[in-house]
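Visitor: Have a look at the structure that comes next, please.
The values are calculated or read from the model by the stated rules, or taken from the named source; none is laboratory data. Computed from a predicted structure; not experimentally measured. With ideal geometry, Cβ positions are generated from the backbone for all residues, glycine too; neighbour counts draw on all protein chains shown.
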Ligand code: NAD
């Protein structure tokens with residue numbers, strides 16, 4: 001580790017501290033694979049310590065019992081503190097994860113809006129009165145759950161962590177967040193702001209560490225009242241199994257293999273730009289990456305030619321360099337996974353239209369730079385078509401008619417997102433209904449807002465994040481019936 005490297009600890013009970021074993025790890029910049037910061041690494045005991053601190057804060061502070069106005073104000077204050085530091089957070093995210101500064105600024109902006117949105121919901125959590133027979137008064141209460149556990153992936157480190165943490169806080173819970181081991185810095189950095197925002201110490205805790213040890217210990221801890229997990233389907237299923245043993249509510253936001261359907265009447269220029277954004281943004285490391293293109297056979301060559309041109313013109317480089325349009329992928333390991341899938345696509349009979357490997361630019365040799373890639377006509381049974389690649393790799397096939405298009409789109413274990421490009425309204429709505437995906441966009445690349453639910457069908461998940469009902473995920477409903485004991489009215 002270079003002298004003067006920044007160091008980051010575990011945030012437990014309002015204090016930033018080393019793990020009890022004092023273990024640290026160097027954090028690498030994916031553009032160079034050089035370490036630029038050092039982070040404390042927790043073990044299962046530290047995880048339990050964080051759960052204990054959260055539980056104590058939940059019971060001893062007035063966070064849960066105060067009316068929601070206080071929590072709303074704290075979330076708005078956190079939004080302002082983050083917005084004031086938007087550039088610093090964006091740079092940190094770029095340095096740690098590799099994405100371009102432009103992408104990182106958008107992510108931080110999304111978190112600011114999420115805090116504002118759920119902050120606005122914090123004082124609107126309410127029950128209902130229910131008419132019941134006899135002389136009784138019946139009502140429901142919406143209560144926080146207690147300590148909620150949040151486990152985040154590395155592709156949108158701050159955004160995906162705060163997407164579930166913010167509503168859990170709005171509902172009055174105490175939170176323990178475990179960021180991905182590769183990208184823990186922005187989660188720790190935002191937890192440092194919690195105290196100044198008016199969030200009591202111990203209500204927002206962050207423990208960095210290995211998923212199998214720390215994540216597992218958090219989920220198994222008896223104080224854990226719910227788990228919000230964003231990550232791979234494989235780990236999501238494992239967490240659901242552990243949670244099932246204790247009947248814990250879980251929200252699972254998992255992977256995808258999202259289709260994009262282009263009909264012959266589509267605006268091909270817009271579609272091409274949308275397709276490129278849907279797969280090359282964030283270097284393709286998106287759960288909802290629109291990674292399977294199906295285009296009507298009559299416009300196939302035209303469309304592929306347009307997307308190829310965009311891929312060829314994409315400026316690749318370190319995410320921190322202004323003007324760069326695609327940064328490195330997160331790690332060497334991720335790079336070789338992606339290259340392995342490209343190789344499988346080739347071996348299985350696909351034709352590489354553009355890209356197909358690492359960048360050969362000598363200036364980029366130290367980083368993890370994969371070229372934007374299109375592979376055409378990969379057979380549907382190939383693992384490059386069936387499995388999530390999580391890189392800038394688009395597979396493309398053509399379809400003959402709408403039924404064929406829908407069949408191709410739904411031929412996947414996943415069901416996170418799908419997009420349709422057509423100028424015909426009837427086609428757009430009819431196809432949207434037939435797609436097995438939790439989110440569909442028409443004439444738009446993947447796009448979401450704090451106001452809209454984010455949810456996957458099939459192997460893409462369980463439950464949802466975002467949207468006006470999200471805060472309810474982090475509450476439980478209690479029914480209270482009161483016998484008024486009043487004498488029966490005569491007559
Ligand atoms: P991952 O499943 O490997 O890890 C996700 C998190 O789980 C990490 O923090 C990891 O440390 C932790 N973890 C690992 N094993 C665990 C265990 N046994 N118990 C508890 N926690 C454990 O995923 P990743 O590689 O970090 O992220 C990429 C995946 O995330 C892709 O599959 C992607 O599609 C998915 N993802 C989904 C969404 C969505 O909203 N649906 C968004 C982004 C990413």
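Visitor: Does residue 119 satisfy being farther than 23 Å from residue 29 by Cβ and surrounded by fewer than 22 Cβ atoms within 10 Å (Cβ to Cβ)?
Guide: Taking the combined requirement at face value, the residue does not satisfy it.
Visitor: A follow-up question, please. Condition first: in contact with a strand residue (DSSP E or B) (Cβ under 7 Å, 6 or more places away or on another chain), assigned by TED's automatic domain parsing to the domain that holds residue 190 and modelled with pLDDT of 95 or more. Can you find one or more residues in the range 74-94 that meet it?
Guide: No, every residue in the range 74-94 fails to be in contact with a strand residue (DSSP E or B) (Cβ under 7 Å, 6 or more places away or on another chain), assigned by TED's automatic domain parsing to the domain that holds residue 190 and modelled with pLDDT of 95 or more.
Visitor: Let me ask something else. Please go through the range 236-249 and pick out each residue that is within 21 Å of the chain's Cα centre (by Cα) and either more than 13 Å from the ligand (Cβ to nearest atom) or in contact (Cβ under 8 Å) with a residue 40 or more places away in the chain (or both).
Guide: 236, 239, 240, 249
Visitor: Identify, from the list 389, 408, 431, the residue that is in contact (Cβ under 8 Å) with a residue 12 or more places away in the chain, assigned by TED's automatic domain parsing to the domain that holds residue 350 and within 21 Å of residue 308 (Cα to Cα).
Guide: Within the list 389, 408, 431, the selection yields 389.
Visitor: Quick check: is even one residue across the range 53-62 under 28 Å from residue 285 (Cβ atoms) and at pLDDT 95 or above?
Guide: no
Visitor: Please verify whether the range 34-47 includes one or more residues that are outside the structural domain of residue 370 (by TED's automatic domain parsing), in contact (Cβ under 8 Å) with a residue 60 or more places away in the chain and on the phi > 0 side of the Ramachandran plot.
Guide: no
Visitor: How many residues does the range 217-231 contain that are near the ligand (Cβ under 8 Å from one of its atoms) and free of Cβ contacts under 8 Å to residues at least 40 places away in the same chain?
Guide: Total meeting the criteria: 0.
Visitor: Another question about this same structure. Identify all residues within the range 326-354 that are closer than 24 Å to residue 93 by Cα, out of contact with any helix residue (DSSP H, G or I) (no Cβ under 8 Å at 6 or more places or on another chain) and part of a loop (DSSP other than H, G, I, E, B); write none if there are none.
Guide: Scanning the range 326-354 gives a single hit, 331.
Visitor: Looking only at the range 453-470, how many residues end up being within 18 Å of residue 231 (Cβ to Cβ) and either in contact with a helix residue (DSSP H, G or I) (Cβ under 8 Å, 6 or more places away or on another chain) or not in a loop (DSSP other than H, G, I, E, B) (or both)?
Guide: Summing the residues that are within 18 Å of residue 231 (Cβ to Cβ) and either in contact with a helix residue (DSSP H, G or I) (Cβ under 8 Å, 6 or more places away or on another chain) or not in a loop (DSSP other than H, G, I, E, B) (or both) in the range 453-470 gives 11.
Visitor: Here's something else I'd like to know. With the requirement that a residue be in contact with a strand residue (DSSP E or B) (Cβ under 8 Å, 6 or more places away or on another chain), in a loop (DSSP other than H, G, I, E, B) and surrounded by fewer than 24 Cβ atoms within 10 Å (Cβ to Cβ), what does the range 135-162 give you?
Guide: Correct list: 135, 145, 146.
Visitor: Looking at the range 184-216, which of its residues are within 10 Å of the ligand (Cβ to nearest atom), closer than 23 Å to residue 246 by Cα and crowded, with 24+ Cβ neighbours inside 10 Å?
Guide: 214, 215
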